[in-house]
Amino acid sequence: MRLPDSLQAAIERECAPFSPDELKKAASHLTTRYQESAPSAFQNPAAGAAYLAVRMPATYAAIYAVLLECSNRMRPPTTCLDLGAGPGTASWAAAALFPSLLTLTLIEQSLPMAQTGQRLASASLSPLLQHATWHTQPLQGSLPPADLALLSYVIAELSPAQTTQLLERLWPQTQTIVVIEPGTPAGYGRILQIREWALAADAHLIAPCPHRLACPLQSPDWCHFPARVERTRMHKFLKSATLGYEDEKFSYLAFSKTPAPIPLGRIVGPPKKGSGLIQFPLCTQGQLLCQTISRSQESYRSARNASWGDGWL
């Protein structure tokens, strides 16, 4: 996974006014804030540029992976609402995956972040992004109706009560809601809270859950998935990295007013592939199983191609 070329070029233009040392210092501070689950708002122009170079590629990869998984399990949306949009990362992924979209509305309370997002969108080749509507306001403000509502990497900035209030306001005028959080125990805990709310609201789960029963994962385990993003030369420098890629871990939940075909199980860990035998942890019908597939079984070829996060049968 790599960013769209037009987005990568726009990010590089945003970074151009700053020296490599300025960006590296800002990136280090940003990483510390992220690990502490602190809000990563643009505190100054250098911090904003560092966020685009260091965090935006990873969050784009995670959001793209989630929306790709959801794309065949939901009605094609024509309207999209990106809540707590930041620089528009989720909207870029939605624009790439949903050609059915006609309008795009982004709500971001940070004016510097919204202004940066608008500059990035103006560099897009997508008319949907170029002509998107931006509102600079808190999430407690009025919300327009939309087929698809995206809440990516934003719930951590809300209290549990605020999250519930937001869902109660959003749900009556939305067809499908997709929530994405960092793939940490704390992020997963927030997803569990939202899952409980969605089930109580009689919503239909789209992904990743293959059932409506209690989550079988128990501490110290938690439900999360990886997305791999290709590192640019700048990204490697700013993170003092040697690998040419980064794995972003995320937790998520997608639910809708409309039922969707869902798999019988979900692979919730990396498969172990040996000689003639493949094993992976499988969440299915409220249970966590160790699924073993041998070469003699018809599903062996499918298992060979299976990855962490895939639906199973």
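The values are calculated or read from the model by the stated rules, or taken from the named source; none is laboratory data. If you're wondering where the values come from, they're calculated on a predicted model, not measured in any experiment. Don't worry about glycine lacking a Cβ; one is built from the backbone with ideal geometry, like all the others, and counts go over all protein chains shown.
Residues satisfying the criterion are absent from region 279-293 (criterion: part of a loop (DSSP other than H, G, I, E, B), over 24 Å from GLY183 (Cα atoms), not assigned by TED's automatic domain parsing to the domain that holds CYS215 and not basic (Lys, Arg)).
The criterion of at least 2 residues that are touching a residue at least 12 places away in the same chain (Cβ under 8 Å) and small (Gly, Ala, Ser) is met by the following strands (runs of 3 or more DSSP E) wholly inside region 165-256: 245-256. PRO210 passes every criterion in (1) at pLDDT 95 or above; (2) surrounded by fewer than 13 Cβ atoms within 10 Å (Cβ to Cβ) apart from (2).
When SER110 is tested against (1) in contact (Cβ under 8 Å) with a residue 60 or more places away in the chain; (2) under 21 Å from HIS204 (Cβ atoms), exactly one condition is not met: (2). If we scan region 243-257, do we find a residue that is more than 22 Å from the chain's Cα centre (by Cα), polar (S, T, N, Q) and either surrounded by 13 or more Cβ atoms within 10 Å (Cβ to Cβ) or farther than 30 Å from ILE194 by Cα (or both)? Checked against the condition, which is being more than 22 Å from the chain's Cα centre (by Cα), polar (S, T, N, Q) and either surrounded by 13 or more Cβ atoms within 10 Å (Cβ to Cβ) or farther than 30 Å from ILE194 by Cα (or both), region 243-257 yields no hits at all. Residue count for region 99-145 satisfying the condition of being among the polar types (S, T, N, Q) and touching a His at 6+ places or on another chain (Cβ under 8 Å): 1.
Determine which member of the set GLU168, GLU181 is within 29 Å of LEU101 (Cα to Cα), at pLDDT 95 or above and under 13 Å from the mean Cα position of the chain (by Cα).
On the way: GLU168 fails: under 13 Å from the mean Cα position of the chain (by Cα).
The unique qualifying residue is GLU181.
Note on region 40-107: enclosed helices (runs of 4 or more DSSP H) holding 2 or more residues that are surrounded by fewer than 24 Cβ atoms within 10 Å (Cβ to Cβ) and in contact with a Gly (Cβ under 9 Å, 6 or more places away or on another chain) are 56-71. Only residues that are in contact with a Cys (Cβ under 9 Å, 6 or more places away or on another chain), closer than 18 Å to TRP222 by Cβ and not charged (D, E, K, R) were counted in region 151-209, giving 7.
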